[in-house]
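Down below is the structure, laid out as structure tokens.
A short reminder: the numbers here are calculations on the coordinates, not readings from a lab. Please read all numbers here as calculations on a predicted model, not as lab measurements. Heads up, the Cβs are rebuilt from the backbone with ideal geometry, glycines too, and the neighbour counts pull from every protein chain shown.
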Amino acid sequence: MKTPSSIHVLTTKREHKGKAYRCHLLRRTYREGGKVKAETLSNLTALGDDLVELIREALRG
């Protein structure tokens, strides 16, 4: 039996030498052996912030 999973967009923000960097990842979370695991399905950073927001809203339903 397959366990249910959730797909979402994760945005991370970092600063290095005074410059801010953002990374958008399409991720799937699931349970394995009672522990929560996360798998990165795709890196969405190159799509731009506007398109990533559209994807995020579509996944919310």
Scale the Cα Rg of segment 4-61 by the rule-of-thumb value 2.2 N^0.38 Å and send over the ratio, two decimals. 1.30
Selected from 34, 18, 48 as most flexible by GNM, with the chain as the system and alpha-carbon contacts under 10 Å: 18
Using Cα pairs closer than 8 Å and at least 6 residues apart in sequence, work out the relative contact order for the chain, in percent. 29 percent
In whole Hz and in residue order, list the ³J(HN,Hα) couplings for segment 43-59 that follow from phi through the Karplus curve 6.51 cos²θ - 1.76 cosθ + 1.60, θ = phi - 60°; x for Gly and Pro. 9, 9, 4, 5, 6, x, 5, 5, 5, 5, 5, 4, 5, 4, 5, 5, 6
Within the chain, helix-based [θ] at 222 nm, where runs of 4 or more DSSP H residues each add -39,500 (n - 2.57), nearest 500: -6000 deg cm²/dmol
Find me the longest stretch of the chain that has none of the exposed trypsin sites (Lys or Arg not before Pro), where exposed means in a DSSP loop (not H, G, I, E or B) with at most 13 other Cβ atoms within 10 Å. 18-61
